[in-house]
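Written out below as structure tokens is the structure these notes cover.
The values are calculated or read from the model by the stated rules, or taken from the named source; none is laboratory data. In this text the structure is predicted, and so the values were computed from the model without any measurement. Cβ: placed from backbone, ideal geometry, glycine included. Neighbour counts: every protein chain shown.
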């Protein structure tokens, strides 16, 4: 009985491509490690050096209000953007006709090309004055809720305004990702639900949304990461202060880490520069934790697939 031996011959192009892909993957890890090492080394003087005027009560007392403002503004943006992104993605993928769906998809994607400075100017000059009467109404009628209590800002430059601006900024990324996930829903699942007598909305609840759950979570975490690191729009719209304040309509608003660094870094010097870099290290850690939580959530639902 003869044995046939097969020998796999690798082409030069395959070898080159494999090595380039490996180098690209390793470069991402190397870049991430380099950034983390830089932040850590530059942050050491803020902890071990002489006392800094801005952080007399300690580093964590200094950075905690900015951590609160960063997370608070991002959560508000996520709460606003997520249902809008899901609705836009569902309309484009399952309700609109093909020509209008393409036009609407291009329009949503175009929002991602607008610079954050433009969003900031629009937030100050258009959105804040437009929303101020609504803020007054919320305060008068729902002021018993802590979020809407306090003295309403006369300029409209509040945490809620920033949350809306951030929501519009992260909306294109989230809507595009969720849309592509919804379009990949197995046709057999949709047709089976309709064949059993389900309405279109029932079919979406039974087939589309369960299939796209991991995509929705991924899009939400991607949008949250974008909102956490946003700088110019927040710095331009918000009237910041180093406070922890849950009210979203007042002029006393918690600043974010990124906006505080952008505003303070040009005039910083000595150990104060290291203090700002240390706050950047905290923001880096928050972003890493958010991504790790997202990966954990997605991995728990990895058993669901279109083949099941």
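Results for (1) assigned to a helix (DSSP H, G or I); (2) modelled with pLDDT of 85 or more; (3) in contact with a strand residue (DSSP E or B) (Cβ under 7 Å, 6 or more places away or on another chain), shown as yes or no for each residue.
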site: 167; (1), (2), (3): yes, yes, no
site: 172; (1), (2), (3): yes, yes, no
site: 176; (1), (2), (3): yes, yes, no
site: 179; (1), (2), (3): yes, yes, no
site: 182; (1), (2), (3): yes, yes, no
site: 189; (1), (2), (3): yes, no, no
site: 193; (1), (2), (3): yes, no, no
site: 197; (1), (2), (3): no, no, no
site: 203; (1), (2), (3): yes, yes, no
Please indicate, with yes or no, whether at least one residue in the range 246-253 is in contact with a helix residue (DSSP H, G or I) (Cβ under 7 Å, 6 or more places away or on another chain) and in a helix (DSSP H, G or I). no
Condition broken by residue 58, with the remaining ones in (1) without any contact (Cβ under 8 Å) to a residue 12 or more places away in the chain; (2) surrounded by 14 or more Cβ atoms within 10 Å (Cβ to Cβ); (3) within 30 Å of residue 272 (Cα to Cα) satisfied: (2)
On the basis of being in contact (Cβ under 8 Å) with a residue 24 or more places away in the chain and either closer than 24 Å to residue 214 by Cα or touching a strand residue (DSSP E or B) at 6+ places or on another chain (Cβ under 6 Å) (or both), does residue 120 make the cut? no
Lone unmet requirement of (1) surrounded by 17 or more Cβ atoms within 10 Å (Cβ to Cβ); (2) out of contact with any strand residue (DSSP E or B) (no Cβ under 7 Å at 6 or more places or on another chain); (3) modelled with pLDDT under 85 for residue 283: (3)
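Quick grid of which residues meet (1) surrounded by fewer than 24 Cβ atoms within 10 Å (Cβ to Cβ); (2) under 16 Å from the mean Cα position of the chain (by Cα):
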residue	(1), (2)
209	yes, no
218	yes, yes
225	yes, yes
229	yes, yes
241	yes, no
244	yes, no
251	yes, no
256	no, yes
The condition from (1) touching a helix residue (DSSP H, G or I) at 6+ places or on another chain (Cβ under 7 Å); (2) closer than 30 Å to residue 208 by Cβ that residue 83 misses is numbered (1)
Between residues in the range 278-307 that are in a helix (DSSP H, G or I) and residues that are modelled with pLDDT under 70, which pairs lie under 8 Å by C-beta distance while being six or more apart or on different chains? none
Say whether the condition of being touching a residue at least 24 places away in the same chain (Cβ under 8 Å), buried (at least 22 other Cβ atoms within 10 Å of the Cβ) and over 13 Å from residue 128 (Cα atoms) is met by at least one residue in the range 140-151. no
Considering each of 136, 159 in turn, give the residue that is touching a strand residue (DSSP E or B) at 6+ places or on another chain (Cβ under 6 Å), surrounded by 12 or more Cβ atoms within 10 Å (Cβ to Cβ), touching a residue at least 24 places away in the same chain (Cβ under 8 Å) and closer than 20 Å to residue 238 by Cβ. 159
